[in-house]
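Enquirer: Just passing along the structure, written as structure tokens.
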Amino acid sequence: GAADVNRPLLAADILPDGFPTVEAVKYMGKLMSERTDGRLSIKMFAGGQLGSERDTLEITTFGGLDIDRIAIAPLNTFEPLTIIPALPFLFRSTAHMRGAMDGAPGQMILDALQPHGLVGLCFYDSGERSFYNTKRPILKPSDMKGMKIRVQNSDLYVSMIKALDADPTPMSLGEVYQSLVQGVIDGAENNWPSYQTGRHFEAAPYYSLTRHVMAPEILVMSLSRWNKLSKADQEIVKQSARDSVPMMRDLWDARVNSARTELLAAGVEANEVEDQSAFSDLMKPVWERYIVSDKQKALVKSIQSMEL
Amino acid sequence: MEILVLLVVLVVLLMMGVPVAYALLGSAMATFVVLDIPLVVAFQRMAAGVSVFSLMAIPFFIFAGDLMYRSGIAERLVQIAEGTFGRPRGGLGMVNVGASSLFGAVSGSAIASASAMGSTLMPLMKERGYDGDYAVNVTVTAAIVGLLIPPSHNMIIYSAASGIGVSIGDLFLAGVVPGVLTAGLLMFVAWRVAIKRGYPGGKFPGWRAFAKAIVFAIPGLMTAIIIMGGILSGIFTATESSSIAVIYTMLIGFFIYRTLGLKTLFKSAKESVKITAMVMLIIASATAFGYALAILEAPTQLASLITSVTDNPIAVLLIVNVILLVLGTFMDMSPLIVIMTPILLPVVMAVGVDPVHFGIIMMINLGIGLVTPPVGAVLFVGAAVGKIPVEQAIKTIWPFYLALVAALLLITFVPQISLALPNLF
Amino acid sequence: MSDNTLARVTHKAADVLLIVSGIALLMMTFIVGWQVFGRYVLGSSPSWAEQSALTLMIWFIFLGGAAGVRDGFHIRIIAVENMVSKSTRKKMRIASNAVVGFCGLAMLWWGGELVVRTWSHVIPSLGIPRGMAYLAIPIAGALTTIFSLERIFDDPAEKAKIGEMSAFGVETEEGDA
Ligand code: NA
Ligand code: NA
């Protein structure tokens, strides 16, 4: 009802308490509370208590949740512009990704969510994703030939693995560890911290730094709750979200460093690939398949032409 | 306050005789209205709750078990079991405990184990003069053992939820002795109860007949080998193995034993769908119900209760046991692990409990929650497959509960039961 | 009598639901089997397998659940029912069927909203609307409402057995009591 316009904003994250994204959203809540004399605050439900990312995203579009921190992939199923930052080998570096997402290209994506009942607030980092496997270091694409690689349930990832001549196996994250141990799959791909948290390194000790995807995470708000806020409060929410980004990235960088150090000490064998362009050259058909509209093409162009 | 709405409405509806699935949905909807959450969310949660790959093992194993029974494969397997391990009184009960434990150990899922063993063994136990309630009691409680014996996907979830990198390898090792202990206690109870009720022992048919039985049972025995071997060698996941089990059973039922026809196949599919629907509709509604519980922060409130009451390790562990048992009654296992681990682990570690040990405590606690009313998925599967009302199963289940509680207390207060093995390596 | 016609129609409907659901289960079995076959024999996993199997499962659970309302095979607690007088029991049955009917209406209404709101979302690897998976909910809801209304006005359990009744749950217990 209208009476509880000021009830705390309910926020969801599948990552556990203490994770950089979770801490950043809590920090955002603290900023909002300071800036509105406690009228607006955030109540965080971390660790996937309220469901998977796809679930909480749907619930947010219905107005059942107010704030949702998700990877960008679940948005691909209804907003074509969100596919762009997930394209393999689009970003040249983390600095490039951050610059693009904080700038005009990022804003274009955030704005595109409004018709779907969402207000895009800001982008967080999800790091650089690389392949890991149980067999051998991957130095060149042919090392992956025929490997069964777990992917998220996403058409884009499936085509990417196919383009590398490996066998994409869509599977939920929860089944990956067991499947690596049993040999149902040979490998998977993720950033350093997830590789550590899921303990996948115990079974798959070869981590090859392909850095194929740097898709960011995204913070969205439900449009129905947004519309109930005053213009001034809307601005405060947006600004607080933006102000939480540098804090998130500091935590993230520290997390990546500690994960890398600990994993190397635990015996993980990490390697740089011989020539990254050998991998990215194979992505042409993938790009062609997913970049179809003029709007998407313009967005790709504006990201590529950024000097970062 | 809202949590009262949730619980009172649930209890009233259950007492009224509303089916469990609709009572859970009704109370969840009532709470959503009070909390001003759009009702469409309840149905999103319902669908999401059953849209889980690993849950496919439920219909598949129910279906495979039913086909094994209808095609006579199960009968042949039981003949062998009777001839070997089933000779003491109530031997088939003990065989059931052993088979359910082994099956649960490999499949990693208590529900899958109850589905498969229930639909295979229960009809045969009944044919041999065992009561339905006994068959259900044995099958559902033994299914819990598989949660402790590796591999166990719930331990993997626990490791991830711990946030401190508890080694999955250590957890797997730590579960072995508690699993065997629990199976042993259950076998003892199965034997005592069988004697008290005067169930028959299996007869050894003589070496010639026994050898013949084995030869005839070979295609059937292969089912077990294909499932277990396939999972352990990595040809397929536990969930996939359940569909392979169905297809394999169909093939040998059609072409080798020639006991299956299209008509029987459809009849079996219809029967399996019924049992699956009644169990999984409850899981669906429980997911909507669990969402309301989570929004109300019920788990966190319970945990803060503990720390305010005591810091005595034994008392803390006892309270934690009770809390997990209570929550396990209302909520499903994996979401509970995800929610409760970050809350409880720091509490118990502060009083000196080893995180690996606590993982095992959590498994058996939540496992017991699966076989206790008002909401216990494994108990429901067992009753459904055994075709008896839940009440009838519960009336006589207490000796088995007693064995589980004894195992729980031993595992909780003697850490070496869990930790000796991982400490060796 | 028109009552009997209604009973025959709903009985047939519940049976059709179970047949459709049974076929869905068979399809799901072969899809997941094909996934293993594809990975090992053909060297590539069919990426549509997981999502299509999950979608079929949602359908047969909800349709089968609706059939369960007609055939009375849902798990419920009958302890209280068995303690009270026959007339109180009759009232309780009417009330509990009304609750189920109301749940059915809610499934129809808000489940329908769920379908509409997710129709523009795509299920990855299948390319069909997400709402298609959820469509089972409002359909099952409508049937649940009809079946529970029938039970309120014309409880099959109170009458002679029509067709194959479930061996457990309400009916058996009534017989024992
Ligand atoms: Na296990
Ligand atoms: Na329970």
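The values are calculated or read from the model by the stated rules, or taken from the named source; none is laboratory data. All values reported here derive from a predicted model rather than from experimental measurement. Counting neighbours? That spans all protein chains shown, and the Cβs are built from the backbone with ideal geometry, glycine included.
Enquirer: Which numbered condition trips up C:Ala67, out of (1) in a helix (DSSP H, G or I); (2) more than 15 Å from the chain's Cα centre (by Cα)?
Expert: Of everything listed in (1) in a helix (DSSP H, G or I); (2) more than 15 Å from the chain's Cα centre (by Cα), C:Ala67 misses just condition (2).
Enquirer: Any idea how many residues of the range C:86-100 are within 24 Å of B:Leu39 (Cβ to Cβ) and either facing chain B (nearest Cβ under 9 Å) or buried (at least 22 other Cβ atoms within 10 Å of the Cβ) (or both)?
Expert: Adding up the residues that qualify gives 5.
Enquirer: Quick one: how many residues across the range A:59-108 are among the aromatic types (Phe, Trp, Tyr), more than 16 Å from the chain's Cα centre (by Cα) and away from chain B (no Cβ under 14 Å)?
Expert: Adding up the residues that qualify gives 1.
Enquirer: Would you point out which residue out of B:Met125, B:Met155 is of a type in the set (A, V, I, L, M, F, W, C), touching a residue at least 12 places away in the same chain (Cβ under 8 Å) and away from ligand 1 (no atom under 16 Å from the Cβ)?
Expert: Only one candidate qualifies: B:Met125.
Enquirer: Among (1) within 14 Å of another protein chain (Cβ to nearest Cβ); (2) at pLDDT 85 or above, which single condition is B:Pro342 missing?
Expert: Condition (2) is where B:Pro342 drops out.
Quick grid of which residues meet (1) crowded, with 21+ Cβ neighbours inside 10 Å; (2) within 27 Å of the chain's Cα centre (by Cα); (3) within 20 Å of B:Ile368 (Cα to Cα):
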{"position": "B:Tyr291", "(1), (2), (3)": "yes, yes, no"}
{"position": "B:Leu305", "(1), (2), (3)": "no, no, no"}
{"position": "B:Val316", "(1), (2), (3)": "yes, yes, yes"}
{"position": "B:Ile323", "(1), (2), (3)": "no, yes, yes"}
{"position": "B:Val326", "(1), (2), (3)": "no, yes, yes"}
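Enquirer: Have a look at A:Gly187, A:Gly174 and point out the one that is touching a strand residue (DSSP E or B) at 6+ places or on another chain (Cβ under 6 Å) and either within 14 Å of chain B (Cβ to nearest Cβ) or at positive phi (or both).
Expert: Result: A:Gly187 is the single residue among A:Gly187, A:Gly174 that is touching a strand residue (DSSP E or B) at 6+ places or on another chain (Cβ under 6 Å) and either within 14 Å of chain B (Cβ to nearest Cβ) or at positive phi (or both).
Enquirer: Scan the range B:377-396 for residues that are crowded, with 24+ Cβ neighbours inside 10 Å and within 14 Å of ligand 2 (Cβ to nearest atom) and jot them down.
Expert: B:Val378, B:Leu379, B:Phe380, B:Val381, B:Gly382, B:Ala383, B:Val390, B:Ala393
Enquirer: Across the range B:346-370, which residue is farthest from ligand 2 (Cβ to nearest atom) among those that are among the hydrophobic types (A, V, I, L, M, F, W, C) and touching a Gly at 6+ places or on another chain (Cβ under 8 Å)?
Expert: Per the stated criteria, the residue is B:Ile360.
Enquirer: For the range B:22-77: of the residues being part of a helix (DSSP H, G or I) and among the acidic types (Asp, Glu), which is surrounded by the most Cβ atoms within 10 Å (Cβ to Cβ)?
Expert: The residue in question is B:Asp66.
Enquirer: Still on this structure: Collect the residues in the range B:18-70 that are among the acidic types (Asp, Glu) and within 10 Å of chain C (Cβ to nearest Cβ), keeping them in residue-number order.
Expert: none
Enquirer: Let me ask something else about it. Got at least one residue in the range A:248-263 being assigned to a loop (DSSP other than H, G, I, E, B) and of a type in the set (D, E, K, R)?
Expert: no
Enquirer: Shifting gears a bit: Go through the range A:116-153 and count every residue that is on the phi > 0 side of the Ramachandran plot and within 14 Å of chain C (Cβ to nearest Cβ).
Expert: Total satisfying the criteria: 2.
Enquirer: Does the range B:416-424 include one or more residues that are away from ligand 1 (no atom under 16 Å from the Cβ), surrounded by fewer than 23 Cβ atoms within 10 Å (Cβ to Cβ), within 14 Å of another protein chain (Cβ to nearest Cβ) and of a type in the set (A, V, I, L, M)?
Expert: No: zero hits.
Enquirer: Surrounded by 23 or more Cβ atoms within 10 Å (Cβ to Cβ), modelled with pLDDT of 95 or more, within 14 Å of chain B (Cβ to nearest Cβ) and under 19 Å from the mean Cα position of the chain (by Cα): does that describe A:Asp55?
Expert: Taking the combined requirement at face value, the residue does not satisfy it.
Enquirer: Would a scan of the range B:203-213 turn up a residue that is in contact with an Asp or Glu (Cβ under 8 Å, 6 or more places away or on another chain), in contact (Cβ under 8 Å) with a residue 40 or more places away in the chain and more than 14 Å from ligand 1 (Cβ to nearest atom)?
Expert: Taking every residue of the range B:203-213 in turn, at least one turns out to be in contact with an Asp or Glu (Cβ under 8 Å, 6 or more places away or on another chain), in contact (Cβ under 8 Å) with a residue 40 or more places away in the chain and more than 14 Å from ligand 1 (Cβ to nearest atom).
Enquirer: Would you mind stating whether B:Leu379 is more than 14 Å from chain A (Cβ to nearest Cβ) and within 16 Å of ligand 1 (Cβ to nearest atom)?
Expert: Spelling it out, it is not the case that B:Leu379 is more than 14 Å from chain A (Cβ to nearest Cβ) and within 16 Å of ligand 1 (Cβ to nearest atom).
Enquirer: Please verify whether the range B:250-260 includes one or more residues that are within 23 Å of the chain's Cα centre (by Cα) and within 11 Å of chain C (Cβ to nearest Cβ).
Expert: Within the range B:250-260, not a single residue is within 23 Å of the chain's Cα centre (by Cα) and within 11 Å of chain C (Cβ to nearest Cβ).
Enquirer: So, A:Arg289, is that one surrounded by 16 or more Cβ atoms within 10 Å (Cβ to Cβ), farther than 30 Å from A:Ile42 by Cα, in contact (Cβ under 8 Å) with a residue 12 or more places away in the chain and of a type in the set (Lys, Arg) or not?
Expert: no
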